[in-house]
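Q: Following this message is one structure expressed as structure tokens.
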Number of protein chains: 2
Amino acid sequence: MDLNALHKLGYGMYIIGARQGDKLNGQVANTVSQITSEPPTVAVSINKSNLTHDYIMASQAFSAAILHEQTPLPYIGNFGFKSGRDVDKLKGMNYKIGNTKAPVFLDHATAYLEAEVIQHVDVGTHTIFIGRIVNAEILTEDRCMTYEYYHAVKRGTTPRTAPSYIAEEKGDKK
Amino acid sequence: MDLNALHKLGYGMYIIGARQGDKLNGQVANTVSQITSEPPTVAVSINKSNLTHDYIMASQAFSAAILHEQTPLPYIGNFGFKSGRDVDKLKGMNYKIGNTKAPVFLDHATAYLEAEVIQHVDVGTHTIFIGRIVNAEILTEDRCMTYEYYHAVKRGTTPRTAPSYIAEEKGDKK
């Protein structure tokens, strides 16, 4: 069994935004999928140890900014390799408060969605949040960044808390 | 609200294989996502009206062949726009019986996975099957076909039963 086959799965790259009370946070995710078309719903898998997980659970809503292919690596790094418990990830960021009151991150976004959670599924280390789309907008005509592109071209790496983290990847310089 | 923003989400393209008794079937899906890394699990959203849905429910297992970018459109059409209730989709196809006894479709696959269902989630028109990876292999070094590539370059269309079907798309020739 070669778990590196999992790296062949195709994803986009997203900044997930969420709120708890007056606190806002965002994090990188690659596992946003449409689940049904009637009504339009999406799912995202979030690590239980992430602050954004707590905020989504508290407010039952999230935003997803769909990153375009030319998104600079430091922008992703700001949201992906830091915790909102330690730093204010929103400092200097261009965002708006969406219909769900979650922050919607606008830099490098080709489109965004907002969703109200209708169901959540405990899958061990992660929770799958299933949300009904309540807002969606296309911002640019750019292509979305694919996870493969992020890995291959941008030499991006995967934080340990990501669903797609594979322990062996540290030795895999491909 | 512009639901076409959902078309900006990034996916790969997959042939999902499943078995019920001695009957085998396969279908196209684009919503395969890794969900956790410990243990390695993936989720796939399947329309309840599809034959493959019944087979996965019966056998609690599925395979996912990850299609490479150069997959010819007729190959996808064979699995995506026909029902195994009407035709034998496996006729003339190159497949093997995997560890889970599900068929694993090998043509145009850059890698494949097999999973045993550990949880399924009713989401209205669809079921999300969450499976623990029990087999995985890389077959070629090709890049996976992205759903965006399928739509933009190959001019692929989306069957009405897909999670990502958007009614307005019929008028959207982009």
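Q: Which of the residues that make up the stretch A:93-116 are under 22 Å from A:G80 (Cβ atoms), assigned to a strand (DSSP E or B) and more than 12 Å from chain B (Cβ to nearest Cβ)?
A: A:Y95, A:K96, A:P103, A:F105
Q: Only one residue in B:N25, B:N30 is within 21 Å of A:V42 (Cβ to Cβ), touching a helix residue (DSSP H, G or I) at 6+ places or on another chain (Cβ under 6 Å) and of a type in the set (S, T, N, Q). Which one? Walk me through how you get there before you give the answer.
A: Details: B:N25 fails: within 21 Å of A:V42 (Cβ to Cβ).
Step by step, each of B:N25, B:N30 is checked, and only B:N30 is within 21 Å of A:V42 (Cβ to Cβ), touching a helix residue (DSSP H, G or I) at 6+ places or on another chain (Cβ under 6 Å) and of a type in the set (S, T, N, Q).
Q: Return the only residue of B:G171, B:G84, B:G124 being open to solvent by 10 Å² or more (accessible area, probe 1.4 Å) and either at the interface with chain A (Cβ under 9 Å from one of its Cβ atoms) or at pLDDT 90 or above (or both).
A: On the way: B:G171 fails: either at the interface with chain A (Cβ under 9 Å from one of its Cβ atoms) or at pLDDT 90 or above (or both); B:G84 fails: either at the interface with chain A (Cβ under 9 Å from one of its Cβ atoms) or at pLDDT 90 or above (or both).
Only one candidate passes the filter, namely B:G124.
Q: Here's something else I'd like to know. B:D107 is checked against (1) farther than 19 Å from B:L51 by Cβ; (2) modelled with pLDDT under 85 and fails just one. What number does that condition carry?
A: Tallying (1) farther than 19 Å from B:L51 by Cβ; (2) modelled with pLDDT under 85, B:D107 fails exactly one: (2).
Q: Which residues, taken from the stretch B:63-75, are within 14 Å of chain A (Cβ to nearest Cβ), open to solvent by 10 Å² or more (accessible area, probe 1.4 Å) and outside any strand (DSSP E or B)?
A: Residue satisfying the conditions is B:E69 alone.
Q: Then there's this: Output the number of the condition that A:R155 fails; it satisfies all remaining conditions of (1) at negative phi; (2) at pLDDT below 95.
A: Among (1) at negative phi; (2) at pLDDT below 95, A:R155 violates only (1).
Q: Which one of these is under 22 Å from B:N99 (Cβ atoms), in contact (Cβ under 8 Å) with a residue 12 or more places away in the chain, within 14 Å of the chain's Cα centre (by Cα) and more than 14 Å from chain A (Cβ to nearest Cβ): B:Q60, B:Q20, B:Q27? Outline the logic, then answer.
A: Details: B:Q60 fails: within 14 Å of the chain's Cα centre (by Cα); B:Q20 fails: within 14 Å of the chain's Cα centre (by Cα).
Residue meeting the stated conditions: B:Q27.
Q: Among (1) facing another protein chain (nearest Cβ under 10 Å); (2) without any contact (Cβ under 8 Å) to a residue 40 or more places away in the chain; (3) in contact with a strand residue (DSSP E or B) (Cβ under 7 Å, 6 or more places away or on another chain), which single condition is B:G12 missing?
A: Failed condition: (2).
Q: For the stretch A:109-156, which positions are among the acidic types (D, E) and in contact with a strand residue (DSSP E or B) (Cβ under 7 Å, 6 or more places away or on another chain)?
A: Passing the criteria: A:E114, A:E116, A:E137, A:D142, A:E148.
Q: Now, a different point. Any idea which residue in the stretch A:36-49 is most open to solvent (accessible area, probe 1.4 Å), counting only those that are among the hydroxyl-bearing types (S, T, Y) and not in a loop (DSSP other than H, G, I, E, B)?
A: A:S37
Q: Among the numbered criteria (1) outside any helix (DSSP H, G or I); (2) surrounded by fewer than 22 Cβ atoms within 10 Å (Cβ to Cβ), which one does B:S33 miss?
A: (2)
Q: Follow-up. Going through the stretch B:107-120 one residue at a time, which ones are open to solvent by 10 Å² or more (accessible area, probe 1.4 Å) and farther than 14 Å from B:G17 by Cβ? If you could, list the steps in order and put the result at the bottom.
A: Just the residues of the stretch B:107-120 that are open to solvent by 10 Å² or more (accessible area, probe 1.4 Å), to begin with: B:107-108, B:116-120.
Those that are open to solvent by 10 Å² or more (accessible area, probe 1.4 Å) and farther than 14 Å from B:G17 by Cβ: B:I118, B:Q119, B:H120.
Q: Report whether or not B:Y55 is more than 10 Å from every other protein chain (Cβ to nearest Cβ) and more than 30 Å from A:V121 (Cα to Cα).
A: Details: more than 10 Å from every other protein chain (Cβ to nearest Cβ): yes; more than 30 Å from A:V121 (Cα to Cα): no.
No, not satisfied.
The values are calculated or read from the model by the stated rules, or taken from the named source; none is laboratory data. Just so you know, these numbers come straight off a predicted model, no measurement behind them. Don't worry about glycine lacking a Cβ; one is built from the backbone with ideal geometry, like all the others, and counts go over all protein chains shown. What goes into the accessible areas is simple: the full protein's heavy atoms, side chains included, and nothing from ligands, DNA or RNA. Shrake-Rupley method; radii C 1.70, N 1.55, O 1.52, S 1.80 Å.
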